[in-house]
1. Compute the long axis of helix 64-79 from its Cα atoms, compare it with the longest principal axis of the Cα atoms of the chain, and write down the angle in degrees, 0 to 90, nearest 10.
2. Straight-line reach only, C-alpha to C-alpha below 16 angstrom: list the aspartates and glutamates that LYS294 could link to, leaving out same-chain residues fewer than 8 apart.
3. Starting from the exponent 0.38 and prefactor 2.2 Å, build the expected Rg for segment 147-268 from its residue count and divide its actual Cα Rg by it.
4. Net charge around ASP200, counting only other residues with Cβ within less than 14 Å of its Cβ (Lys, Arg = +1; Asp, Glu = -1)?
5. If you bin every alpha carbon distance in segment 47-111 into 5 Å steps from zero, what whole percent lands in each bin?
6. Can you list the aspartates and glutamates whose alpha carbon sits under 20 Å from that of LYS324, skipping same-chain ones fewer than 8 residues off?
7. Considering only Cα-Cα distances, which of the following residue pairs are longer than 22 Å: LYS112/LYS252; LYS171/LYS277; LYS112/LYS246?
8. Roughly how tilted is helix 81-105, in degrees to the nearest 10 and between 0 and 90, from the longest Cα axis of the chain?
Amino acid sequence: MKKSLLISIFLLLAGLAGIFLLLTSGNNLDKTESEKPLVLSMTASVEIPRIMYFAGEKITFDRYDKHERMDRELNSFTYFHSTTLLLIKRANRIFPVIEPILKQQGVPDDLKYLAVIESSLDHRAVSPARAAGLWQFLQSTGKQYGLEVSAEVDERYHVEKSTEAACRYLKDAYRKYGSWSAAALSYNGGQGRITSELRDQQVDDALDLWLVEETSRYYYRMLAIKQIFEHPQQYGFILRPSDLYKPMEFKKVNVSNSIADLVAFAQENQITYAQLKDFNSWLRSNKLNNTSGKTYTIFIPTKESLFYREGVQPKVHNAAWVVK
């Protein structure tokens, strides 16, 4: 009995401490940077927005299924702290690369969140189904949308070229369905599946379809991560500019011939082989046999980009991501 009473008292005190921290956290954000908490303790269910706009399309969350699906994903990303923090940090490097491509290709900026969900912004990611790269193309789909896929060159891992290919896919799907939500769902579930289910279930809106759980969650995961990326402090994510991953600067080397030894090529360009492969993951071998005369552009990181230097803050791509 005494042990049970002590446990109850401990839990009560812990709960009161958590409430006190939540009530005082707003004041903490006004303190100097050295005094600011790096993590705000939160255990309450997060508030679901009444409406959102994604790729120019309005979605409301008053219907039970839409509300509960958004609730699941928004709470999941809010309390899966390490993963969500990493996504924001990576976005500071990746978004400046892919956003101009989306704009140039006529694809809404919000579709960048599709890459967040697909690969966690890891351009080297490979799924159990062997989908690869930032946009997680299968080999057949990658080739269909203009990517070279071979033993030595796999452009699914090329950030810029795979982004262009993803834009071509999404625009094809948008022309087919007339909505970006359906286009996004087809990116996960396949156009054949979305087309047949729209027909068989006799609905016009792809968000009204009964689909496998992964595809059903897909769109709401994009909505949730957009909401957190646009209002990170609201969901307890406190980052300083120095926490973000710095954008990289490169020297571009155009190559139209074969490279017999990429290790030697890296050394000639004053970087390590590991650094060469890190920023040119589409090079899948230790050599490049180029018998076609095709011109490849190899990215060589500048020496300054390779280091975090004391007193030099990384460039912040989105001011909403950080506190000052």
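Bear in mind these aren't lab numbers, they're just calculated from the coordinates by the rules spelled out. Computed from a predicted structure; not experimentally measured. Positions of Cβ are backbone-derived with ideal geometry, glycine not excepted, and every protein chain shown enters the neighbour counts.
1. So the helix axis and the longest Cα principal axis differ by about 80 degrees.
2. GLU148, GLU152, ASP154, GLU155
3. 1.50
4. That works out to -1.
5. 3, 14, 16, 18, 21, 18, 9, 1
6. Qualifying aspartates and glutamates at Cα under 20 Å: ASP30, GLU33, GLU35, GLU230, ASP243, GLU310.
7. In this structure, LYS112/LYS252; LYS171/LYS277 lie more than 22 Å apart at Cα.
8. Tilt of helix 81-105: around 50 degrees.
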